[in-house]
Amino acid sequence: MLKVSDLAVSRGGVPVLSGVGFHLGAGDALVLRGPNGSGKTTLLRTVAGLQPPLSGEMMGRDQVAYAGHADGLKSALTVSENLTFWASVFGTGRAQVAAALSAFELEALDDRRAGNLSAGQKRRLGLARLLVTGRPVWVLDEPTVSLDVAAVGLFADAVRSHLGQGGALLVATHVDLGLGEVPVLDVTAYSAASRISAADEAFL
Amino acid sequence: MKALLWRDLALAVRAGGGFGLGLSFFLIVTVMVPFSVGPETARLSVIAPGILWLGALLACLLSLDRIFALDFEDGSLDLLATAPLPLEGIVTVKALAHWLTSALPLVIAAPALGVFLNLPGPGFIWLFLSLLIGTPALSVIGSFGAALTVGLKRGGLLLSLLVLPLYVPTLIFGAEVARRGAEGLAVETPLLMLAGISAGALALLPFASAAVLRVNLR
Amino acid sequence: MSLWEYANPVRFIRLTDRLLPPVAVGALVCLVIGLIWGFFFTPDDYRQGSTVKIIYLHVPAALMAINAWLMMLVASLIWIVRRHHVSALAARAAAPVGATMTVIALATGAIWGQPMWGTWWAWDPRLTSFLILFLFYLGYMALWEAIENDDTAADLTSILCLVGSVFALLSRYAVNFWNQGLHQGASLSLDKEENVADVFYLPLLVCIAGFVLLFVALVFLRTQTEIRARRMRALIARERLA
């Protein structure tokens, strides 16, 4: 579903990771680990197609649903309007919106303006958006930030059912999601040799 | 695409500001003009078409920085860029939403404000038409400027500096249509040029805006 | 050996180090000869008197104001297509020079206009076009200054330069339509009949050559400065890593 080989990514022109390769099939999950600044976010943004890779091959980029640090919510819209908007952008329907609302226990809040939600509720809404995209590969950057234990449980359930339906997951996280045995990719192993940016190198 | 348009319209209506602020600015600028040039109706009616065009243009400029900046800050722009929509289409729809929420109210209000400045009788219809045809160009050119400055902290002032020179041809032909119309002269040539600028900007600039957004998102 | 090899910053500096002295000397010689010849050894015009002599500053500056923008346009296109850093920096380096040329053209135009038309400034199409060109230069330079990342700045300014060129051209036509103007016809043209008389023409050509060489020298120098500034930042970045 998502195949990445010999990928090199850069942040602000400076190479941070190189030679990254992995393959996610239906039902696969992969957890990225590494200290702050090791390049997890950069890798995820590159996989999601938000920035071009320095080199390497990626397949299945158009299958990706991405969720980063910002939830992309409009505070003037209600919970269900936010989800309905993304459903129509991704060409899915009301059924997915309803499923997403129930998966993250947001039904009771569906008329509430997103701006009046708590931080944890906003995050749940941001994650519910993944369900309405209808895309199989979830690429998530620290999805459990500001979630309480119960909400992390909801999220884990959603992930399990997604994987069960043949989805895939690529996630950067520091907490145990309770998914059982999940392969871990330590990005520090792929740290690009300390180099300055290619643009800078041209001037030396 | 349609969903994006509806969302932007809904946001503009609910967050207020959208319609109200630009319109009030247009009203205030128009009202200030007689204070600065004097109340003689003959003089006012001569400068009315130009003043109204300039006022509408400046009011349009006020709301440009919100076209992309809000979506950029809350992360929606990232998500839209990964959605199955071409970025060129997204840019066009957002420019259209800006036109509907910010420019169209000005177009409708302009003839009413023309009364304050003693706009001559035949001028009303030509002022309205020239703004109707010319303001789409203002929105599209403005969205290009907004895309250029989306990542910058103090982009607002820079945005005006970049966009205003690009507005010159639109302003010249638009105000010329209104002026000639008010004086009862033939308006065909400037009207065609104005329509040409709007059509050309609408057809070509979204590609430039999308290219610029891609640079700013990476 | 291809021309593109000089897109390498180090090679560019080496080449321009060699070219800079002759170009600068050439500029100085042409300007001194052309201006002295023009100011002191040409007859007064039968209609315009001695005021016509400002033509030796006005016309070359106006020419370079436009040519500098054209050079920036070409350099921007090269950056977009081939991504040579020197090209982007050369465009950046040319902008203030072009803006200065525009100011010189406007100022000398005003000084010439005062005795001729009886006014320092008229909203004549040519004058207005140059004023608009100056605004484009300002916007272009401001955008370069505002963006921190060098490659992002190069990308955005080159696209602005492309779009700006189209709108600058449009403005030229719009302004022509808008006001017919007082300005005399072009001083130079390929059609011999329309040219200024030979006595004025030859020193004018020398002055133009001087301005072209001066522009080239300044752009070389400023591009070198930009390259060195980038090199310094690259060295600091490398130092931090070590």
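The values are calculated or read from the model by the stated rules, or taken from the named source; none is laboratory data. Being a predicted model, the structure only gives us computed values, none of them experimental. Heads up, the Cβs are rebuilt from the backbone with ideal geometry, glycines too, and the neighbour counts pull from every protein chain shown.
Starting from residues that are more than 8 Å from chain B (Cβ to nearest Cβ) and of a type outside the set (V, I, T), keep the ones in the stretch A:88-100 and report whichever is nearest to B:I90 (Cα to Cα).
Filtering the stretch A:88-100 for residues that are more than 8 Å from chain B (Cβ to nearest Cβ) and of a type outside the set (V, I, T), the one nearest to B:I90 (Cα to Cα) comes out as A:G93.
Please specify each residue of the stretch C:125-150 satisfying the condition of being free of Cβ contacts under 8 Å to residues at least 24 places away in the same chain and either in a helix (DSSP H, G or I) or touching a strand residue (DSSP E or B) at 6+ places or on another chain (Cβ under 9 Å) (or both). Give the steps one after another, and end with the answer.
Taking the stretch C:125-150 first, the residues free of Cβ contacts under 8 Å to residues at least 24 places away in the same chain are C:135, C:142-143, C:145-149.
Residues satisfying the conditions are C:L135, C:A142, C:L143, C:E145, C:A146.
Within the stretch C:133-168, work out how many residues are more than 16 Å from C:L70 (Cβ to Cβ) and either touching a helix residue (DSSP H, G or I) at 6+ places or on another chain (Cβ under 8 Å) or buried (at least 21 other Cβ atoms within 10 Å of the Cβ) (or both).
17
Among the residues of the stretch B:13-27, how many are at pLDDT 80 or above and either at the interface with chain A (Cβ under 9 Å from one of its Cβ atoms) or within 18 Å of B:S139 (Cα to Cα) (or both)?
Residues in the stretch B:13-27 being at pLDDT 80 or above and either at the interface with chain A (Cβ under 9 Å from one of its Cβ atoms) or within 18 Å of B:S139 (Cα to Cα) (or both): 5 in total.
Is there a residue in the stretch B:67-74 that is farther than 15 Å from B:L11 by Cβ and either in contact with a helix residue (DSSP H, G or I) (Cβ under 6 Å, 6 or more places away or on another chain) or among the polar types (S, T, N, Q) (or both)?
Residues of the stretch B:67-74 that are farther than 15 Å from B:L11 by Cβ, as a first pass: none.
Checked the stretch B:67-74: no residue is farther than 15 Å from B:L11 by Cβ and either in contact with a helix residue (DSSP H, G or I) (Cβ under 6 Å, 6 or more places away or on another chain) or among the polar types (S, T, N, Q) (or both).
If you check A:V159, A:V171, A:V184, which single one turns out to be away from every other protein chain (no Cβ under 13 Å) and surrounded by fewer than 16 Cβ atoms within 10 Å (Cβ to Cβ)?
Testing whether each residue is away from every other protein chain (no Cβ under 13 Å) and surrounded by fewer than 16 Cβ atoms within 10 Å (Cβ to Cβ) leaves just A:V184.
Please specify each residue of the stretch B:70-127 satisfying the condition of being under 30 Å from B:P190 (Cβ atoms), free of Cβ contacts under 8 Å to residues at least 24 places away in the same chain and either surrounded by fewer than 17 Cβ atoms within 10 Å (Cβ to Cβ) or not aromatic (F, W, Y) (or both).
Passing the criteria: B:I108, B:P111, B:A112, B:V115, B:G121.
Looking only at residues that are over 18 Å from B:L96 (Cα atoms) and of a type in the set (S, T, N, Q) in the stretch B:137-188, which one is surrounded by the fewest Cβ atoms within 10 Å (Cβ to Cβ)?
Step by step, filter the stretch B:137-188, then rank; the result is B:S160.
Among the listed residues C:L190, C:L218, C:L182, which satisfies the condition of being at pLDDT 85 or above and closer than 27 Å to C:L127 by Cβ?
Just one listed residue meets the conditions, C:L218.
Across the stretch B:131-162, what is the total count of residues that are within 19 Å of the chain's Cα centre (by Cα) and within 14 Å of chain C (Cβ to nearest Cβ)?
Total meeting the criteria: 22.
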